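Scroll down for the structure; my scribbles are underneath it.
The values are calculated or read from the model by the stated rules, or taken from the named source; none is laboratory data. Quick caveat, the model's predicted, so the values are computed rather than measured. Cβ sites come from the backbone with ideal geometry, for glycine too, and all protein chains shown count toward neighbours. Surface accessibility is based on the protein's heavy atoms, side chains included, excluding ligands, DNA and RNA. Shrake-Rupley method; radii C 1.70, N 1.55, O 1.52, S 1.80 Å.
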Amino acid sequence: MMREFMALDRNLKLRALTVFLTVLLGSSIGPNMTIYYVQHFGSFWTGVLLMVVSIAGLIFGLYGGHIADVIGRKRTIEYGQIAMVIGYAIAMVNNSPWLVNPFVTFFGFLLAMIGSSLADPAEQAMMIDSSTPQNRRFVFALIYWILNIGVMIGAAIGGWFFRDYLFELLLFMTIVPIINYCIVRFGMTETLERSEHEQTTSILSALKGYWAVLKDRRYLTFAMASVLASVVYLQPDYYLAAHLSQSFHEYNFLGMDIYGQRMLSLMLVFNTVIIIFVMGWVTRATEKWRLVRAFALGVLLQGGGFALSFVLQDFWPLILATIIFTTGEMIGVPASQTLRADMMNPAKIGAYSGVFSVTRPIGAVIASGFVSLSAVVNNWGIAALLMIVVCLAIYLVARAAKMPAPF
């Protein structure tokens, strides 16, 4: 693995570092901000504020994808990092020992989210530009592995320090985008090949660019499959959490009482640990597989593991289900990301990345519907529905793979 890493383009090596730094600090603060908002604003307004953040992220993600194809990947990422520095600095100042202002704090985090959303499509585009069809699956597997390490360490940091050391955490959050800006500014090279067609950064130009992407039936079909795949991937945040909180049979493990919420946390920690220690082996074992086959098996195992967990209520069977859906995740995610990169028009990678950025929010809306639907159908019904979603995702990817490239 180290030999393959050293052979990568310099941009990709540095991208691995920036991903780790961003996720490490982001996962220590981001998930806990919901609790912060609930304490200061109440549940109703917290939901409204989170919706505002999601909508802003969606809009600026699309715009960031467009300008990444116009002004370049580097400049777009740099602008995003600057917005993140300002946003986190505002939040830090307003959670200092001398001043606490949750209203201005929200504005700071909103600005930071806008910066992150603006930079994300450009970062994805630069990864695709800097990789090759031969090493792309390894690159995506590596980044996914690093991301999981960062999440695990960051979640532990947040659990221990968020309540009593928020100011210090926000100070580090302000420093991280400064470091990342310097890495991008002085270490990375621009990968955008200028188009012969003149484009501008205007909203109208962005709309025209995205209309061209939406006319690509092959990519649109793959994007629809990605929405369904994200419905599967997001289940721990939605129906699985609801099921465990209501139906899990409490269990004593190593002297610790495990109830529904703890079981969910334990399953997610186990999921992350498996990925960290086994991902390299899985990547090597599946590197010769056809991408559609790897995607299909991965989503089938992941969806099957979650569906199984919906009808289980006991500790050890749920651990087995965790192994199943984690195995599917390790096989399917790199294949899905590689397929996505291969289906993009090289001249409009930023816009294609922007379109892809909306698949997860749409998937989240559908996944949340599973929770509401569970009031009408039982666990077996939700499990069956999830497997229908899995089959549709596999069908759409297989169909997209057979379509001719429009460019």
Condition first: in contact (Cβ under 8 Å) with a residue 24 or more places away in the chain, of a type in the set (S, T, N, Q) and within 18 Å of Thr322 (Cα to Cα). Can you find one or more residues in the stretch 193-215 that meet it?
no
I'm checking my understanding of the structure. Among residues of the stretch 199-216 that are at pLDDT below 80 and assigned to a loop (DSSP other than H, G, I, E, B), which one is farthest from Arg10 (Cα to Cα)?
Ser202
(1) touching a Gly at 6+ places or on another chain (Cβ under 9 Å); (2) touching a residue at least 24 places away in the same chain (Cβ under 8 Å); (3) under 28 Å from Ser357 (Cα atoms): which one isn't true of Met279, the others all being true?
(1)
The condition from (1) of a type outside the set (S, T, N, Q); (2) open to solvent by less than 20 Å² (accessible area, probe 1.4 Å); (3) over 22 Å from the mean Cα position of the chain (by Cα) that Leu308 misses is numbered (2)
Mind listing just one residue for me: the one in the stretch 345-393 that is out of contact with any Asp or Glu (no Cβ under 9 Å at 6 or more places or on another chain), in contact (Cβ under 8 Å) with a residue 12 or more places away in the chain and outside any helix (DSSP H, G or I) and, of those, farthest from Val292 (Cα to Cα)?
Ser374
Among Val53, Val93, the single one that is touching a strand residue (DSSP E or B) at 6+ places or on another chain (Cβ under 8 Å) and β-branched (Val, Ile, Thr) is Val93
Looking only at the stretch 349-356, decide whether some residue is open to solvent by 10 Å² or more (accessible area, probe 1.4 Å) and small (Gly, Ala, Ser).
no
Which numbered condition in (1) touching a Phe, Trp or Tyr at 6+ places or on another chain (Cβ under 9 Å); (2) surrounded by fewer than 24 Cβ atoms within 10 Å (Cβ to Cβ); (3) touching a residue at least 24 places away in the same chain (Cβ under 8 Å) is the only one that Ile331 fails?
(2)
Among the listed residues Leu17, Leu50, Leu110, which satisfies the condition of being open to solvent by less than 60 Å² (accessible area, probe 1.4 Å) and within 28 Å of Asn148 (Cβ to Cβ)?
Leu110
When every residue in the stretch 249-265 that is touching a residue at least 12 places away in the same chain (Cβ under 8 Å) and within 23 Å of Val151 (Cβ to Cβ) is compared, the one nearest to the chain's Cα centre (by Cα) is Leu264
List pairs: first residue in the stretch 118-142 and over 17 Å from Ala68 (Cα atoms), second residue of a type in the set (Ser, Thr, Tyr) and not in a helix (DSSP H, G or I) anywhere in the structure, Cβ distance under 7 angstrom, at least six positions apart or on different chains.
Val139/Ser131
Filtering the stretch 357-378 for residues that are over 20 Å from Gly303 (Cβ atoms), within 20 Å of the chain's Cα centre (by Cα) and hydrophobic (A, V, I, L, M, F, W, C) leaves a count of 1
Checking Glu196 against (1) of a type in the set (Asp, Glu); (2) modelled with pLDDT of 85 or more; (3) open to solvent by 60 Å² or more (accessible area, probe 1.4 Å), only one condition comes out false. Which one?
(2)
